[in-house]
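Let me begin by presenting the structure, written as structure tokens, before commenting on it.
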Amino acid sequence: MKHAGPSTFARISLLLRELRARPQIEEKRPGVFYLKSRAFLHFHDDPSGIFADVLFTKDFVRVPVSSRSQQADLLEQIDGCLSEVESKPREKDRRASRRRGKSRPAKGRGPG
């Protein structure tokens, strides 16, 4: 299985256009997309078809994208993943909200 090239990209041009329309992911090189600072999606060409490797969890998952319906399924999965990422507070934000939630005595003020 080899990384996809220009002829493969021509065959999945509609999928690539849809991916490029999602502002959360950035195409760093042709057909290689990043989410924040991490590799998120790239394509492979194989005698049995075209595949996308997508980082849905901690590991890449290989998804077939040769047909238009497979591409639509992939876009649906990606949209779900992107929604989940956007709705999760960042670790830094979670720590800050925890600190704000705890009551602390005011500095330098005693009773009455």
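Restricted to segment 15-36, and to residues that are in a strand (DSSP E or B) and of a type in the set (A, V, I, L, M), which residue is nearest to Asp53 (Cα to Cα)? Restricting to residues being in a strand (DSSP E or B) and of a type in the set (A, V, I, L, M), the top hit is Val32. If you filter segment 20-45 down to residues that are in contact with an Asp or Glu (Cβ under 8 Å, 6 or more places away or on another chain) and buried (at least 19 other Cβ atoms within 10 Å of the Cβ), you find that the one that is farthest from Asp79 (Cα to Cα) is Phe43. Scanning segment 71-95 for residues being at pLDDT 60 or above and under 20 Å from Lys36 (Cβ atoms) gives a total of 17. Filtered by the rule that a residue be surrounded by fewer than 17 Cβ atoms within 10 Å (Cβ to Cβ), touching a strand residue (DSSP E or B) at 6+ places or on another chain (Cβ under 6 Å) and assigned to a strand (DSSP E or B), segment 46-69 gives Gly49, Phe60, Val61, Arg62, Pro64. Taking the conditions exactly as written (of a type in the set (Phe, Trp, Tyr), surrounded by fewer than 17 Cβ atoms within 10 Å (Cβ to Cβ) and over 18 Å from the mean Cα position of the chain (by Cα)), does Phe9 satisfy them or not? Judged against the criteria, Phe9 is a match.
The values are calculated or read from the model by the stated rules, or taken from the named source; none is laboratory data. Note that the structure is predicted; figures quoted are calculated from it, not measured. Please note: Cβ atoms are built from the backbone with ideal geometry, for glycine as well, and neighbour counts cover all protein chains shown.
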